[in-house]
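First comes the structure, then the notes that go with it.
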Amino acid sequence: MLADFGADVIRIEPPADADPNAAMFADDRLGGDFQNLNRNKRSLALNLKQPQAREIVARLVRDADVVVENWRPAVKDKLGLDYETLSGINPRIILASISGYGQNGPYASRPAFDQIIQGMGGLMSVTGLPEHGPMRAGIAVSDSSSGLYAAIGILLALHERQRSGRGQWVHASLLHTMIAMMDFQVARYLNDGELPVQEGNNHPTTCPMGLFAAADGLFNLGVAGEGMWSGFCTALKRPEWQHDPRFRTAELRSRNRHELNQMVQDLLATQPVAHWVQELNDAGVPAGPVYNVEQMLGDEQVVHARVHAAATAFGRVERHFVTQPVVLERTPARVDSAAPGLGEHSVEILQALGYGEAEIAEFKSERVI
């Protein structure tokens, strides 16, 4: 995200065979996932277990604004890349740490993957159909949102640094992020004692809101508030529903959701998706089709929004990337380059740090880079 908006981002990664786990994320450098997450970056291949490599990092830190890491907490202490050490080199440095469970506490040393955190953070308990048991979301919710929260923290720290002249340590954890993303589900329990459960495609507190079958397929609709409920009844040519004692208030509609949903479903099955999506939106009621990825990318609004861009990887293969969803009109995000090859920029970065040809050759021979 920061690279797309113009930051010079250097991805520090282990040289080939230096880390047995590295291939898990970077084996296929032309793969869509790796390319999408690492476009606009430079690559410095560095074996951080070597003391010479840590000296190279120290030189980078002298002029850097931000260091981002996602090791388990103890790793940076072993490598001498903790905030106290880095700030001793550059008091303006901002260290952003992303971990599974936080920088301290009983689980701090545990490894974590997104699905583990979806389970522990409560998301799986409210996702899916009740009869099917817990269900993971189809995307890496805690991974991606932790990155976004860390980016927000970095921007806040950069802004604060303009006043104080000092950097600080920013940290985000997948677990806390996942709980924050649960939002109203957790707030309902904390304040009202309501334990959220799986509701399938129904909204837990608002009705009718969910997935319905039209004559030729499925679509989502959402009705919230009395004005929207009135517009919904009018669009469906069922004004009498507004006066039905079972549905006069939002609370009653939610309480009698099974009856209401069935009545709505019976009516919606008489016309195709396109008809209802148009009719409902014209009436001020949110409604939309359910797409797969191919259909989504072909939608006219999605095409208009330019949600993907392309660049050439390794001078030979065109790769496509999901663009930034936040628009800055004067300084927009850009995709200038595909993800780099392993260590593609090592030599130019080291030269910029003042290392000579002989030193760089020695680093190569000793497998520092």
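Select from the stretch 319-355 the residues that are of a type in the set (Ser, Thr, Tyr) and outside any loop (DSSP other than H, G, I, E, B) and list them in ascending order.
The answer is Ser346, and nothing else.
Being among the small types (Gly, Ala, Ser) and surrounded by 16 or more Cβ atoms within 10 Å (Cβ to Cβ) is the filter; apply it to the stretch 23-50 and report the residue that is farthest from Pro325 (Cα to Cα).
Restricting to residues being among the small types (Gly, Ala, Ser) and surrounded by 16 or more Cβ atoms within 10 Å (Cβ to Cβ), the top hit is Ala45.
Would you mind stating whether Ser142 is in contact with an Asp or Glu (Cβ under 7 Å, 6 or more places away or on another chain) and of a type in the set (S, T, N, Q)?
Against the criterion (in contact with an Asp or Glu (Cβ under 7 Å, 6 or more places away or on another chain) and of a type in the set (S, T, N, Q)), Ser142 qualifies.
Do you know which of the residues in the stretch 215-229 that are among the hydrophobic types (A, V, I, L, M, F, W, C) and assigned to a helix (DSSP H, G or I) is surrounded by the most Cβ atoms within 10 Å (Cβ to Cβ)?
Among them, the one singled out is Trp229.
Assess whether Asp17 counts as being under 28 Å from Ser142 (Cβ atoms) and not aromatic (Phe, Trp, Tyr).
Here the answer is no, as Asp17 does not meet what is asked.
Take Ala287 and tell me if it is crowded, with 16+ Cβ neighbours inside 10 Å, within 30 Å of His308 (Cα to Cα) and modelled with pLDDT of 95 or more.
So Ala287 fits the description; yes.
Here is a yes/no grid of residues against (1) surrounded by 11 or more Cβ atoms within 10 Å (Cβ to Cβ); (2) in contact with a Phe, Trp or Tyr (Cβ under 8 Å, 6 or more places away or on another chain):
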{"residue": "Ala269", "(1), (2)": "yes, no"}
{"residue": "Glu279", "(1), (2)": "yes, no"}
{"residue": "Ala358", "(1), (2)": "no, no"}
{"residue": "Ile369", "(1), (2)": "yes, yes"}
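I'd like the full set of residues that are out of contact with any Phe, Trp or Tyr (no Cβ under 8 Å at 6 or more places or on another chain) and more than 18 Å from Met263 (Cα to Cα), limited to the stretch 194-204.
Glu194, Val197, Gln198, Glu199, Gly200, Pro204
Could you please let me know if Asn104 is under 20 Å from Gly153 (Cα atoms), under 20 Å from the mean Cα position of the chain (by Cα) and not aromatic (Phe, Trp, Tyr)?
No; evaluated as a whole, the condition is false for this residue.
Suppose we filter Ala74, Ala64 for residues that are among the aliphatic types (A, V, I, L, M) and more than 15 Å from Ile10 (Cβ to Cβ); which single one remains?
Residue meeting the stated conditions: Ala74.
Residues are listed down the side, and each one gets a yes or a no for (1) of a type outside the set (S, T, N, Q); (2) touching a Gly at 6+ places or on another chain (Cβ under 8 Å); (3) more than 25 Å from Gln301 (Cβ to Cβ):
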site: Thr206; (1), (2), (3): no, yes, no
site: Ala214; (1), (2), (3): yes, no, no
site: Ala224; (1), (2), (3): yes, no, no
site: Met228; (1), (2), (3): yes, yes, no
site: Phe247; (1), (2), (3): yes, no, yes
site: Arg255; (1), (2), (3): yes, no, yes
site: Leu268; (1), (2), (3): yes, no, no
site: Ala287; (1), (2), (3): yes, yes, no
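Do we have Gly167 as under 30 Å from Pro91 (Cβ atoms) and either over 20 Å from the mean Cα position of the chain (by Cα) or modelled with pLDDT of 95 or more (or both) here?
For Gly167, the condition - under 30 Å from Pro91 (Cβ atoms) and either over 20 Å from the mean Cα position of the chain (by Cα) or modelled with pLDDT of 95 or more (or both) - is met.
Select from the stretch 291-315 the residues that are surrounded by 14 or more Cβ atoms within 10 Å (Cβ to Cβ) and touching a residue at least 40 places away in the same chain (Cβ under 8 Å) and write down the one among them that is nearest to Ser337 (Cα to Cα).
Ala311
Go through the residues of the stretch 329-344 one by one and say whether even a single one is at pLDDT 95 or above, hydroxyl-bearing (Ser, Thr, Tyr) and out of contact with any helix residue (DSSP H, G or I) (no Cβ under 8 Å at 6 or more places or on another chain).
Yes, because at least one residue in the stretch 329-344 is at pLDDT 95 or above, hydroxyl-bearing (Ser, Thr, Tyr) and out of contact with any helix residue (DSSP H, G or I) (no Cβ under 8 Å at 6 or more places or on another chain).
Listed residues Asp82, Asp63, Asp77; which is acidic (Asp, Glu) and buried (at least 17 other Cβ atoms within 10 Å of the Cβ)?
On inspection, the qualifying residue turns out to be Asp82.
Restricting to the stretch 68-92, and then to whatever is in contact with a Lys or Arg (Cβ under 9 Å, 6 or more places away or on another chain) and either outside the structural domain of Ser173 (by TED's automatic domain parsing) or of a type in the set (Val, Ile, Thr) (or both), can you tell me which residue is nearest to Ser142 (Cα to Cα)?
For the stretch 68-92, the residue satisfying everything is Thr85.
Residue by residue, here is whether (1) acidic (Asp, Glu); (2) in the same structural domain as Ala137 (by TED's automatic domain parsing); (3) within 27 Å of Met124 (Cβ to Cβ) holds:
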site	(1), (2), (3)
Glu194	yes, no, yes
Gly200	no, no, yes
Glu226	yes, no, no
Lys237	no, no, no
Leu252	no, no, no
Val264	no, no, no
Thr270	no, no, no
Trp276	no, no, no
Asn281	no, no, no
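So the check is Cβ under 6 Å with 6+ separation or different chains; which pairs have a first residue in the stretch 168-179 that's farther than 16 Å from Tyr83 by Cβ and a second one that's buried (at least 23 other Cβ atoms within 10 Å of the Cβ) and of a type in the set (A, V, I, L, M)?
Here the result reads Leu174/Ile117; Leu175/Ile117; Met178/Ile117, each pair linking the stretch 168-179 to a residue that is buried (at least 23 other Cβ atoms within 10 Å of the Cβ) and of a type in the set (A, V, I, L, M).
The values are calculated or read from the model by the stated rules, or taken from the named source; none is laboratory data. Note that this is a predicted model, so its numbers are computed, not measured. Note: ideal-geometry Cβ built from the backbone for every residue, glycine included; neighbour counts use all protein chains shown.
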